[in-house]
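The values are calculated or read from the model by the stated rules, or taken from the named source; none is laboratory data. What you are looking at is a predicted structure, and each value in this text was computed from that prediction instead of being measured. Note that we place each Cβ from the backbone using ideal geometry, even for glycine, and neighbour counts take in every protein chain shown. Protein only, heavy atoms only, side chains kept; ligands, DNA and RNA dropped before computing areas. Shrake-Rupley method; radii C 1.70, N 1.55, O 1.52, S 1.80 Å.
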Amino acid sequence: MKDLSIDIETRSRLDLTEVGVYKYAEDCEVLLFGYSEDFGDVKVLDLYHGDKIPARIADAIVDDKVRKHAYNAQFERIVLSHYLKNHHCSYDADVYLTEHKYLNPWDWYCTMVHSFYCSLPSTLDALSRFMFPNNPEYVKDERGKGLIRKFSSPKFIDPNLLDEDSRADWQAYIEYNKQDVVAEMKICQMLEKFAPLPDTEHEYYVYDQYINDIGVRIDIPFAKNAKKLSEEIKYQRMHEWQDITGLKTPQQYTALRNWLTKRTGVICESVAKDKLDDFIQAVPVMPKDVSRAIEIKKELAKASIAKYAKALACVCEDGRCHGLFQFYGTRTGRFAGRLLQLQNIVRNSIEPLEEWRSDVMVGDLDYLQALTNNVPDTLSQLIRTMLIPKDGCEFVIADFHAIEAVLSAWLADEQWRLEVFRGDGRIYEASASEMFGVPASTITKPDGSHGENYALRAKGKVAELALGYGGGVGALAKMGGERMGLTQQEMVDIVDLWRSRSPNIVAFWTKLDEAVLSVMDGTTKVYYINRDTNREIQVYRKGAFLVIKLPSGRELFYCQPHYREVTTSWGATKQCLFFYGQEQTKRKWLPIATRGAKLFENIIQAIARDILCNAIRNIMMTGYDIVLHVHDEVCVESRHLLEVDELNALMCNLPEWGKDIPLTSAGFTSKFYRKD
């Protein structure tokens with residue numbers, strides 16, 4: 001046997017979506033085990049009613065020479081790690097499990113990850129229907145959701161207590177499990193034929209699984225105290241809110257808009273955060289009760305309660321949270337957050353953090369309120385610090401400096417920018433210097449002190465953050481231009497100045513537009529940008545996909561690309577490129593508009609991801625344990641053996657194709673996770 005395809009059905013009193021697979025697997029029962037050897041006939045074992053996994057199949061599960069295939073393979077791998085340990089005592093767990101107590105991911109191949117690589121729908125149901133619209137025998141059984149609710153949800157029906165109709169449903173559940181294996185196998189074979197997952201990507205997937213297996217320790221006493229304080233302050237603020245507004249909760253949006261309009265005499269169109277800020281600016285004299293109500297609303301919107309409660313719900317028997325990262329979670333290949341959503345945590349600015357942590361450990365709301373007038377904000381800023389290293393260890397944390405700005409300059413060969421990053425790296429000052437014609441040293445002096453033109457730095461910063469991917473006046477305003485007091489004309493001028501001083505970047509956006517059009521209309525089979533250099537980008541068609549090949553050799557896929565006429569915000573009509581993809585907010589398969597500047601952003605973020613994955617491999621191959629990574633930052637748990645300089649060197653040991661990228665990283669050590 002070379003390949004073993006697996007799909008299992010389980011049940012637990014825990015909600016998988018709430019606690020994640022690692023916690024779920026500690027208290028779940030495997031009901032059905034569907035499998036196929038070497039893509040042959042599918043068999044289903046009814047484990048609940050006494051079937052046993054044959055020794056030959058159990059041997060294959062632990063055999064690193066047999067490739068295991070599953071859709072969302074992490075689920076099968078983690079659950080079966082526990083199942084084999086509990087039900088197949090003849091196996092020595094110390095031999096077939098890794099040091100992290102799970103089956104080794106090296107010989108597990110995830111069909112879901114492969115579909116992500118090809119930018120296809122994320123669920124097995126949607127994917128099978130997309131790939132096999134005329135072959136229902138390969139489509140996921142639509143009865144599945146109802147059967148899962150009946151037999152596998154926390155409020156499940158005991159299969160031993162089934163009436164006649166439910167016995168028929170149980171048989172349907174077995175057929176559903178079988179059909180899942182059939183669909184997964186067919187998808188696996190089709191994807192392997194169309195676009196095999198590169199070996200490098202499988203290696204990166206394995207390191208991702210190791211990071212998820214290692215997990216990160218939770219300071220449970222601290223999290224419990226913070227959760228308690230969060231709940232107490234919420235209760236207190238809700239009563240104050242109700243007394244002021246007469247509304248039950250801030251989520252009564254229509255009633256709240258009406259109340260704000262009535263109290264101020266200014267029409268409140270929306271209570272969304274950005275619109276509410278506009279409303280505040282529009283009110284000439286803000287009544288004190290309205291001001292306080294808005295303060296309370298903002299306080300209650302803080303993520304403190306949810307994050308602390310989620311951590312306590314997900315923490316496993318080893319005191320750690322696992323499964324916090326989804327490999328290839330975005331179209332560019334970047335990771336997505338799971339459970340704690342570490343990518344969406346407020347940045348800490350309060351100091352000293354250690355003292356604030358001690359204050360929370362007192363566990364007294366009155367005491368904490370005597371120290372801060374905004375308890376929810378304080379607790380939100382301390383979320384990161386509930387992640388701590390195991391005893392005898394420290395965190396060594398490092399991140400890349402301005403990686404997207406560096407890569408934009410590198411790919412477009414914008415030489416003055418590259419010189420900045422080869423030097424002091426002060427791109428905001430350099431950008432302002434280029435735009436406004438003053439020496440950078442008069443903005444920020446070499447010693448870091450403010451020069452006479454320091455006010456221009458803010459304009460350089462907002463321009464760099466807003467304009468690098470085709471943004472215009474709207475992007476500049478949204479990024480902070482309006483809050484800075486810039487007029488419409490000043491913002492128009494900044495956009496024009498920035499683009500005039502970054503001509504190679506702007507030209508690259510146009511080249512991508514030209515490349516796509518040339519490939520789409522058949523003029524060119526393969527369109528090269530930066531041809532025969534280590535920065536080469538290729539654009540071509542592959543079946544129903546537009547493909548962009550990166551310097552690393554990895555491909556980005558855009559499904560069913562097509563042009564359609566659209567009307568611009570200023571009333572003109574033009575042809576716009578669309579492709580089908582999973583829209584990020586609605587999570588639905590929809591046509592998505594794009595253009596050269598947006599494709600440039602995709603490419604830059606994809607290259608940044610390749611560099612991060614290379615850094616992760618460097619670090620883990622050296623023997624260090626990464627417990628988490630967020631954007632372009634890694635956090636290593638070390639027994640005081642890893643120096644910051646060594647971590648920076650491992651981060652910046654770039655792959656051959658990127659050796660000339662002037663990338664740097666900076667790091668520090670800490671007793672808990674935090675931002676420097």
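Roughly speaking, to the nearest percent, how much of the range 493-540's 1.4 Å accessible area is carbon and sulfur? For the range 493-540, the apolar C and S fraction of the accessible surface comes to 47 percent.
Solvent exposure of the range 233-322 amounts to 56 Å² per residue of accessible area, where only protein heavy atoms count and the probe is 1.4 Å. Segment residue 639..residue 255, full-extension length gain: 132.7 nm, with 0.36 nm per residue of separation and the alpha-carbon distance subtracted.
From most to least packed by mean Cβ count within 10 Å, the peptides 418-424, 337-343 give 337-343, 418-424.
Just the protein heavy atoms count here, and of the accessible area of the range 188-311 at 1.4 Å, carbon and sulfur take up 53 percent.
Sorting the segments 574-580, 533-539 by their residues' average number of neighbouring beta-carbon atoms within 10 angstrom, most packed first, yields 533-539, 574-580.
Shape of the range 278-354 from its Cα gyration tensor (a ≥ b ≥ c, root eigenvalues): rounded if a/c is under 1.5, otherwise prolate when a/b > b/c, or oblate?
Numbers: a/c = 2.89, a/b = 1.90, b/c = 1.52.
Judged from the Cα gyration tensor, the range 278-354 comes out prolate (a/c at least 1.5, a/b above b/c).
Using a cut-off of under 12 Å, list every residue of the range 562-584 whose amide N is near the label point 7 Å from the Cα of residue 544 along the Cα-to-beta-carbon line. Counting only backbone N, you get 580-581.
R0 = 30 Å: FRET efficiency of residue 590 with residue 343, Cβ-based, nearest 0.05? The value I calculate is 0.85.
Determine, at each q value in 0.05 (inverse angstroms), the log₁₀ of I(q)/I(0) that the Debye formula gives when each Cα of the chain is one equal point scatterer. Treating every Cα as an identical point scatterer, log10 I(q)/I(0) equals -0.28. Counting only protein heavy atoms and a 1.4 Å probe, the range 452-544 has 52 square angstrom of accessible area per residue. What shape does the range 365-409 have by the C-alpha gyration tensor, where a ≥ b ≥ c are the square roots of the eigenvalues, rounded means a/c under 1.5, and otherwise prolate means a/b greater than b/c and oblate the rest? Oblate, because a/c is 1.5 or more while a/b does not exceed b/c. Extension gain for the segment residue 513 to residue 336, taken as residue separation times 0.36 nm less the Cα-Cα distance, is 60.9 nm to one decimal.
On the beta carbon distance between residue 492 and residue 438, with R0 = 30 Å, the FRET formula returns roughly 0.90. Over the C-alpha atoms of the range 1-138, the Rg to Rh ratio, Rh being the Kirkwood estimate, stands at 0.96.
First check a/c for the range 207-268, with a ≥ b ≥ c the square roots of the eigenvalues of its C-alpha gyration tensor; if it is under 1.5, answer rounded, and if not, answer prolate when a/b is larger than b/c or oblate otherwise. Here the range 207-268 falls in the oblate category. Computed in the context of the full set of protein chains, the accessible area of the range 40-157 at 1.4 Å probe radius has 50% of its extent on carbon or sulfur. What the Cβ-Cβ distance of residue 570 and residue 106 gives, at R0 = 51 Å and to the nearest 0.05, is a FRET efficiency of 0.40.
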